[in-house]
Amino acid sequence: MKLVTVVTEESKEEVGVLKEEGSVLLLKNAGFNYNDMNDLIINADAKELDKIRNAEGEVLKEGSYKIISPIPRPLQDVLCLGLNYKAHAAEAFNYSDAFEVKREEPIFFSKRVSYSQGTDSVIPAHADITKKLDFENELGVIIGKNALNVSEEDAEKYVFGYTIINDVSARDLQTNHKQWYFGKSLDGFTPMGPCIVTADEIAYPPALHIHTKLNGETRQDSNTSLLIHGISEIISTLSKGMTLKAGTIIATGTPKGVLMGMENPEFLKNGDVIDCAIDGIGNLVNVVF
C-alpha cells in the first residue's frame, strides 16, 4: 500500500492511498479520521491498516491534487546514517579528510527538518551561504511503534514503511564546521516522497535498486542490500537506552555517485533537476532554485 499526503483543489492537506492509474482515495472519503500522516502512523494498528488497504470510496483523479511530502512536518529531527555504503565512504574521504572515519560502529547524526517538501518541488540553493550544494539519495525507514531496547531479530516488527529521502548537503558548511548538522539542516534540505510504501509490500531486509539522475544523466546506481549497517542493526543500536518514537524517520545513507565524489566536483546550480528513484517506491524529483 502506498500512502500519500496530497493538497486538494480546496488547498487542504489530506492523507490518502495511491491507487492504480494515479488516482488517490482520501481516507476521509472511506470513513477514516486521521489528522495527518503522523497521526496515522502513531495510531493505526495492523488491523486498521488492513481495513485501509481494502477500503473503497470516491477517489480523486490525477490532476485534481498535488502530492507533497508524505510527512511534511516530522515530529522530530530525522536520524541519519553517514558513510553507510563502502564506495561512498571512499569517495567522501577522497574529497576531504573531514570524512576520515576508521571505526566499525555506525555513524549517526541528525538533520533538522521544519518542513519537508515533496516531489516536483524546489530545493532552495541558499547561494548566499553555500557554493557546494550536493544531493544524496537515501532509503528512508519509518518507525511504526515506540522502540526501546529492540533486538536485531525483532527490529523488522517496528518498521511501518519506506520512503525516499534526498539528504541535500552543503559540503562547504559540512566540512568547514567539522560536523554535519548545520550543512544538512538548511530549510528545504529534506525532500521526501513521493509516498510511504507499507512494510508488508517489500521483502525484508529491502534489496532495492537505488538510482539517481542529474539532468537526465545517471549519477548513482546501487542497491540497498549493500548497506554496511543494515536496518535491523540500525534500529537495535539506536534503541538501546533511547526510545525511537512512532513516526521517527531514519535516513539509511547514500551510495556512491554524489557530486563531491567527482574528480573535479561541479556542484548543484539553479535549474538542475535531481531525480532520486528507488524501485518499488517511486521517484522523488526536485529542481534547484
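The values are calculated or read from the model by the stated rules, or taken from the named source; none is laboratory data. As the structure is a prediction and not an experimental result, all values here were calculated from the model. Quick reminder, even Gly has a Cβ in these numbers, built from the backbone with ideal geometry, and neighbours come from all protein chains shown. Accessible surface is based on the protein model in full, side chains and every heavy atom, while ligands, DNA and RNA are left aside. Shrake-Rupley method; radii C 1.70, N 1.55, O 1.52, S 1.80 Å.
The figures follow:
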| item | result |
| --- | --- |
| Number of the condition not met by residue 174 [criteria: (1) at pLDDT below 95; (2) open to solvent by 10 Å² or more (accessible area, probe 1.4 Å)] | (2) |
| The range 16-31, residues that are open to solvent by 10 Å² or more (accessible area, probe 1.4 Å) and either of a type in the set (Lys, Arg) or in contact (Cβ under 8 Å) with a residue 24 or more places away in the chain (or both) | 18, 19, 21, 22, 23, 28, 29, 30, 31 |
| Residues satisfying the stated conditions in the range 235-252, i.e. touching a helix residue (DSSP H, G or I) at 6+ places or on another chain (Cβ under 7 Å) and not hydroxyl-bearing (Ser, Thr, Tyr) | 235, 244, 246, 247, 250 |
| Residue in the range 257-269 that is nearest to residue 111 (Cα to Cα), counting only those that are at pLDDT 95 or above and surrounded by 16 or more Cβ atoms within 10 Å (Cβ to Cβ) | 258 |
| Test: residue in the range 71-79 that is surrounded by 13 or more Cβ atoms within 10 Å (Cβ to Cβ), closer than 17 Å to residue 174 by Cα and modelled with pLDDT under 90 | no |
| Candidate set: the range 91-133, residues that are modelled with pLDDT of 75 or more, open to solvent by 20 Å² or more (accessible area, probe 1.4 Å) and hydroxyl-bearing (Ser, Thr, Tyr); chosen: the one farthest from residue 287 (Cα to Cα) | 110 |
| Tally, over the range 53-65, of residues that are part of a loop (DSSP other than H, G, I, E, B), in contact with an Asp or Glu (Cβ under 9 Å, 6 or more places away or on another chain) and open to solvent by 40 Å² or more (accessible area, probe 1.4 Å) | 2 |
| Residue that is farthest from residue 203 (Cα to Cα), among those in the range 232-245 that are open to solvent by less than 10 Å² (accessible area, probe 1.4 Å) and not polar (S, T, N, Q) | 244 |
| Close pairs (9 angstrom Cβ cut-off, 6 or more residues apart or separate chains): closer than 20 Å to residue 19 by Cβ in the range 39-59, assigned to a helix (DSSP H, G or I) and among the acidic types (Asp, Glu) anywhere | 40/48; 49/200; 53/200 |
| Residue match in the range 187-197 (condition: part of a loop (DSSP other than H, G, I, E, B) and charged (D, E, K, R)) | yes |
